[in-house]
Amino acid sequence: MQISGFIETFSDTAAAHEQWLGDWSNLTINRKGQLQNHVGGAAESLLIRASDASVDAEWSFWTRIYGVCSAYNLTRFYLMEDEELQEGYYVQVGGTNKNVTLYRLHRGGGTKVIENEDRVKGLGSDARVNVRLTRSTEGKMQLYSYVEGQDTAEMCEGSYWIDWLQPQWVGLMIKNSKDRGTDMYFDSIVVRGEMQQAPIPEPQPEVGEVTLVLSNECLSLNGDGYEDEVRIDYTIRTEEEETGYWYTAAIYDADGVLVRDLGRHLPMDASGSIVWDGKNRFGQKVTIGIYIAVVEITNEHARPVRERFTIAVLH
């Protein structure tokens, strides 16, 4: 296998400009040797660099968001199979959840695959975060973070198994609002690992293991046929035709007020979907905002599985 890796501290400005491709007009390397946005209004700025590190791999970086994290103030670290941001993975720091999360990138859309619920809303108004993402030879990805001034040790955000990853690029993305044109930073990029040659056999989940996946994080109520609903797809690993599982699901607004029940103690098949169409209990479209879907799956022989999903409703 080919070893592919690098260390980038932005200490050599000329080398950084040569090795990182993209639009440098919104970015600068400051006196401290940090990559910093430098733009007079709202912007998204992306730099990419060739790298095929994939297995027995580690990607780490430091990032700072000076100001309140939001949908318009965040940073991302990409592992991309192409230059068009269509396939791969990315770590997001900030955003509406004010957290460190891992997303699967497919056909340009991001699906959250790792997020520690206990860390949601955990980033303050001047977040300085060290992030580390690893992937074992067997395909297990693990996400870690350390928030300066807040954590006493590195925290594991969660794990995710994949059988194939062949990135050709890594990317640094800064998204800032109009008032935060000089408030985002990257530094201390470290990439190491080997190129993957063949898919890893996907590990079989244990009997009774429940998997929940949110179809999309945004729900649009403009009736254009795109993102008109969200689905929470579930799969239960079972060897029997009757699973003996039940689900309870509900939608809450950002203040924790119940908006709509999606089912209470309903029987489940081995796989299926829970769907929300953006309407409240009275059949009316909800207003623009952030909503929380809470799903609890129970079985008389196992501990309940409970997960929360954040959904942004747009018009």
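The values are calculated or read from the model by the stated rules, or taken from the named source; none is laboratory data. Small disclaimer: the values here were computed from a predicted structure and weren't measured. Please note: Cβ atoms are built from the backbone with ideal geometry, for glycine as well, and neighbour counts cover all protein chains shown. The protein model used for the area step is the full one, side chains on, heavy atoms only, and it has no ligands, DNA or RNA in it. Shrake-Rupley method; radii C 1.70, N 1.55, O 1.52, S 1.80 Å.
The table that follows gives values for the structure above.
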quantity	calculated
Residue check, Y160 assigned to a strand (DSSP E or B), among the hydroxyl-bearing types (S, T, Y), open to solvent by less than 60 Å² (accessible area, probe 1.4 Å) and touching a residue at least 12 places away in the same chain (Cβ under 8 Å)	no
Answer residue from segment 180-195, given it is of a type in the set (A, V, I, L, M) and either over 20 Å from the mean Cα position of the chain (by Cα) or open to solvent by 10 Å² or more (accessible area, probe 1.4 Å) (or both) and is nearest to S70 (Cα to Cα) among those	V190
Count of segment 120-134 residues which are open to solvent by less than 30 Å² (accessible area, probe 1.4 Å) and either assigned to a loop (DSSP other than H, G, I, E, B) or of a type in the set (D, E, K, R) (or both)	2
Test for V294: is it open to solvent by 40 Å² or more (accessible area, probe 1.4 Å), closer than 17 Å to I232 by Cα and in a strand (DSSP E or B)	no
Given (1) part of a strand (DSSP E or B); (2) more than 15 Å from A43 (Cβ to Cβ); (3) open to solvent by 10 Å² or more (accessible area, probe 1.4 Å), index of the condition G171 fails	(3)
Index of the failed condition, Q284 passing every other in (1) modelled with pLDDT of 90 or more; (2) of a type outside the set (V, I, T); (3) surrounded by 13 or more Cβ atoms within 10 Å (Cβ to Cβ)	(3)
Enumeration of residues in segment 70-111 that are closer than 21 Å to Q36 by Cα, touching a residue at least 40 places away in the same chain (Cβ under 8 Å) and either outside any strand (DSSP E or B) or among the basic types (K, R) (or both)	A71, Y72, R76
Residue match in segment 27-42 (condition: assigned to a strand (DSSP E or B), under 30 Å from P199 (Cα atoms) and under 27 Å from the mean Cα position of the chain (by Cα))	no
Residue list for segment 247-263, restricted to those being over 23 Å from the mean Cα position of the chain (by Cα) and either among the aromatic types (F, W, Y) or assigned to a strand (DSSP E or B) (or both)	Y247, T248, L258, V259, R260, D261, L262, G263
Filter result for L46 (open to solvent by less than 40 Å² (accessible area, probe 1.4 Å), touching a residue at least 24 places away in the same chain (Cβ under 8 Å), part of a strand (DSSP E or B) and under 17 Å from V170 (Cα atoms))	no
Residue that is nearest to T134 (Cα to Cα), among those in segment 55-94 that are open to solvent by less than 40 Å² (accessible area, probe 1.4 Å) and of a type in the set (S, T, Y)	S60
Residue list for segment 250-278, restricted to those being open to solvent by less than 60 Å² (accessible area, probe 1.4 Å) and among the charged types (D, E, K, R)	D253, D277
